[in-house]
Amino acid sequence: MSTLFSPLTLGSLALDNRIVISPMCQYSADNGKTTHWHDMHLGNLAQSGAGLLIIEATAVEPEGRITYGDVGLWDDETEAALAKTLTAVRSHSDMPIAVQLAHAGRKASCEKPWDGGCAIDPNHANGWQVVAPSAVPFREGDPIPESLSKSRIAEIVQAFAQSAKRSVRLGFDAIEIHSAHGYLLHQFLSPHANKRDDEYGGSFENRTRIVFEVYDAIREAVGNNYPVGIRISASDWVSDGWDIDQSVALAKLLKARGCDFIDVSSGGLHIEQRIPLGPNYQVPFAARIKSETGMTTIAVGLITEAEQAEAITFTGQADAIALARGILYDPRWPW
């Protein structure tokens, strides 16, 4: 029997198989609102036969979008648009659908990738003032981010909670908290982006504080039986940054709080990262977290072949695998 095609549970959510569709930004939203593009795109993926579809990084406030074309879930208009999209998708599929709630922090206010992807000055059209743990830009020459006050941190934590409430109201089957790829929560975790000297900076306990505040606020908003997981970058791939040892420690603490799954990626925080790209290059991170924490774990990263995915789940390196570009190129991959 195929392990890849055996059932899996993420908390209270039962999946028919262990193939997950990763969140993939489409840069095609209208002021945070999903459009007919999303109806077509997500509807297509919902016919793929995968066990779970996670929709793209969905900003909890307008300033949290990577680009001005990103999806959001911060008010009644963005919620109504997503409701229409979900209705369209679910009229033809019963696949479970999760949402990834996100804030881009200092990597927000960018051009769409096909227009260069560079940071947009806050005084220019389609740009805004970005925020971060500290006034340290992602790239030299980028606009300087505003260092978040403690009151703004509290507002962002509550924005995650409010978006979580909207997610439940919309009927999403699970929530994934985006704490990876150099976006805001990852920026707090990494000493390379977090230079604070208050209770949100310095020690491991302080740098992880906002992640637990966001998780706890979402958990309070959705209840104990609703599936909530997290995506992390297990390594910055830069010395003296966030690493796998800290990731294991974070996962243990999240599991103790009742976090239902962890989606293990890497990188995205520092422009000097050196990533040894190749098949399964991130799987060892997922394997170690699963081995040392027992947390339900999803592996990602250049997983393209059926035998490769089967081997990862069969050998217990991860409980599930997630596909992004592979399933974008071949939307019938699970078939």
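The values are calculated or read from the model by the stated rules, or taken from the named source; none is laboratory data. This structure is a prediction, so every number in the text was calculated from the model and none was measured. Every residue, glycine as well, gets a Cβ built from its backbone with ideal geometry; the counts of neighbours run over all protein chains shown. Protein only, heavy atoms only, side chains kept; ligands, DNA and RNA dropped before computing areas. Shrake-Rupley method; radii C 1.70, N 1.55, O 1.52, S 1.80 Å.
Observations, loosely collected:
- Reduced Cα scattering model of segment 56-108, Debye log10 I(q)/I(0), q = 0.13, 0.16, 0.26, 0.27 Å⁻¹: -0.34, -0.50, -0.99, -1.03
- Most simply put, the chain has about 15% antiparallel DSSP beta bridges, counting only bridges with both residues inside it.
- Paramagnetic reach from E155 (point 7 Å along Cα→Cβ, amide N under 18 Å) across segment 88-107: 102-107
- Debye log10 I(q)/I(0) at q = 0.10, 0.13 Å⁻¹ for segment 20-126, Cα point scatterers: -0.27, -0.46
- Highest mean packing first, where packing is the average number of other Cβ atoms within 10 Å per residue, the peptides 173-180, 130-137 line up as 173-180, 130-137.
- Residues in segment 94-103 carry Karplus couplings, in order, of 10, 4, x, 10, 10, 10, 9, 8, 8, 9 Hz; the curve used is 6.51 cos²θ - 1.76 cosθ + 1.60 with θ = phi - 60°, and Gly or Pro positions show x.
- When Y68, Y329 are compared by accessible surface with a 1.4 Å probe, the order from highest to lowest is Y329, Y68.
- R0 of 30 Å, Cβ-Cβ distance D76-N225: FRET efficiency to nearest 0.05: 0.70
- Mean separation of Cα contacts under 8 Å, 6 or more apart, over the residue count of segment 183-233: relative contact order %: 27 percent
- Estimated vicinal HN-Hα couplings, Hz - segment 129-143 in sequence order (Karplus 6.51, -1.76, 1.60; Gly, Pro = x): 6, 8, 10, 6, x, 9, 7, 10, x, 5, 10, 4, x, 5, x
- Ranked by how many other beta carbons lie within 10 Å on average, peptides 26-35, 108-117 from highest: 26-35, 108-117
- Evaluated over the chain, the count of Lys pairs having alpha-carbon atoms less than 28 Å apart is 20 (only pairs 8 or more residues apart or interchain).
- Relative contact order computed over the chain (Cα-Cα under 8 Å; 6+ residues apart), in percent: 17 percent
- Over all orientations, segment 211-276 has a Cα convex hull whose mean projected area works out to 4.8 square nanometres.
- Derived scalar couplings ³J(HN,Hα) [segment 291-307; Karplus, 6.51 cos²θ - 1.76 cosθ + 1.60; whole Hz; x for Gly, Pro]: 5, 8, 10, x, 6, 4, 10, 10, 9, 9, x, 6, 9, 10, 10, 4, 5
- The Cα-based radius of gyration and maximum Cα-Cα distance (Dmax) for segment 94-241 are 15.9, 48 Å.
- P(r), alpha carbons of the chain - 20 Å bins starting at zero, rounded %: 33, 62, 5
- Note on segment 94-156: Rg/Rh from C-alpha atoms, Kirkwood Rh, equals 1.08.
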